[in-house]
Amino acid sequence: MSWAILSPLLIVAGGLLLVALERLRPYEPRQRLLRVGFFTDFFWYTLVQSWVLGIVIQHVIVAIDSGTGLSRLHLVSAWPVPAQLAFFWVTHDLYIYWFHRLQHRNRWFWRIHEAHHSGKDVDWLSGSRSHSLEILVNQTIEYAPIVLLGGHPDVALMKGVLDAIWGMYIHSNIDVRAGVLQYVLNGPQMHRWHHASEGVDERAVNYATKIAAWDWLFGTGFLPEHKPRAYGLWGGEPFPEGRGLRAALVDYFVQHAWAFRPFAARPRREAALPGPMRQAVAAPERAPGE
């Protein structure tokens, strides 16, 4: 069976397995399968956005290759397919770790990332809620090198399966105790803390997606014994999400537009404060996690 047929079948099978495990061994028993935002995440983000952006990204990569001709060099074409897959899997994951950290520390990048952190429940579907601009940037950087370096066509499909299933897994509501393995490969035990709303210190941790070793290597690993108490944006920050038919039809578009709202104005009272305090008030607005 070709990977063009096998890859979507594996992704669907992986999703169904994770849903079953969430029911059998939940990390948070209070969470429901059909939670608030389920339709928006499944229909708009997972199906519609993924399909549309897949077409857009394909055209972008073809245009880049037409302009550069890099794929004609076949720089990795002679490598075995498993070696190509491992190379692109590890290098892209390292890029995602550092870009993810930047998203949490820069207020402009945070605006296109905050939708991903808005859900008050974290489950197998939560990973799909990401602003289209974030996906456009990350997946172009993910798949363009495979084409431009002359990777085997199946490598992109194989990597897509790994990324999709792993993304569902690390967000899943499954009570996993990975032990020593959690210091090498990422899972829900660590990543759920990244979505916790218990404070900036905890939320500025666990940026890795697949290789947890990045967090431990670069000093951002966090794995306490207790569970997070709540999830979502810091301090109960509002996010456009509702219930019912209207929410199912418009929330996706409102959430996208929400990323472009004006930054909050700072109070102009610096002159009345002592020097150090005046500098603190006048400091540039920072994204959560700085």
* Report, in debye and to the nearest 20, how large the dipole of the chain comes out about its Cα centre when Lys and Arg carry +1 and Asp and Glu carry -1 on their Cβ. => 640
* To do: Return one number: the angle in degrees, 0 to 90 and rounded to the nearest 10, between the long axis of the Cα atoms of helix 132-148 and the longest principal axis of the Cα atoms of the chain.
  => 30
* Report, please, the projected area of the range 99-227 averaged over directions, based on the convex hull of its C-alpha atoms, in nm². => 8.4
* Asked: Here are several values of P(r) over Cα pairs in 10 Å bins from 0, in percent: [x] 6, 25, 34, 23, 10, 3, 0, 0; [y] 6, 20, 24, 24, 17, 8, 2, 0, 0; [z] 6, 25, 30, 21, 11, 4, 1, 0, 0. Which one was derived from the coordinates shown?
  -> [x]
* Asked: Using a simple spin-label model with points 7 Å from Cα along the Cα→Cβ vector, what separation in nm is obtained for residue 47 and residue 73?
  -> 4.2
* Give a quick list of chymotrypsin sites (Phe, Trp or Tyr not before Pro) in the range 1-105 that DSSP marks as loop, anything other than H, G, I, E or B, with at most 13 other Cβ atoms within 10 Å. => none
* Structure fact -> Length-normalised contact order of the chain, Cα under 8 Å, at least 6 apart, in percent, tallies to 24
* To do: Kindly provide the trypsin sites (Lys or Arg not before Pro) of the range 1-49 that DSSP labels as loop, not H, G, I, E or B, and whose Cβ sees at most 12 other Cβ atoms within 10 Å.
  => 30, 32
* Value at 222 nm in deg cm²/dmol, rounded to 500, when DSSP H runs of n ≥ 4 in the chain each add -39,500 (n - 2.57) -> -16000 deg cm²/dmol
* **Rounded percent of accessible protein surface that carbon and sulfur make up, the range 172-232, 1.4 Å probe** => 60
* 1.4 Å probe accessible area per residue over the chain, in Å² -> 52
* Asked: In the range 1-138, carbon and sulfur make up what percent of the accessible area (probe 1.4 Å)?
  -> 75
* Pull up all non-local amide H partners of residue 211: gap of 5 or more, or a different chain, and H-to-H distance under 5 Å with H placed in the peptide plane. => 186
* From the Cα gyration tensor of the range 44-121, with a ≥ b ≥ c the square roots of its eigenvalues, which class applies: rounded if a/c is under 1.5, or else prolate if a/b is larger than b/c, or else oblate? -> prolate
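The values are calculated or read from the model by the stated rules, or taken from the named source; none is laboratory data. What you are looking at is a predicted structure, and each value in this text was computed from that prediction instead of being measured. Cβ atoms come from the backbone with ideal geometry, glycine included; neighbour counts cover every protein chain shown. Accessible surface is based on the protein model in full, side chains and every heavy atom, while ligands, DNA and RNA are left aside. Shrake-Rupley method; radii C 1.70, N 1.55, O 1.52, S 1.80 Å.
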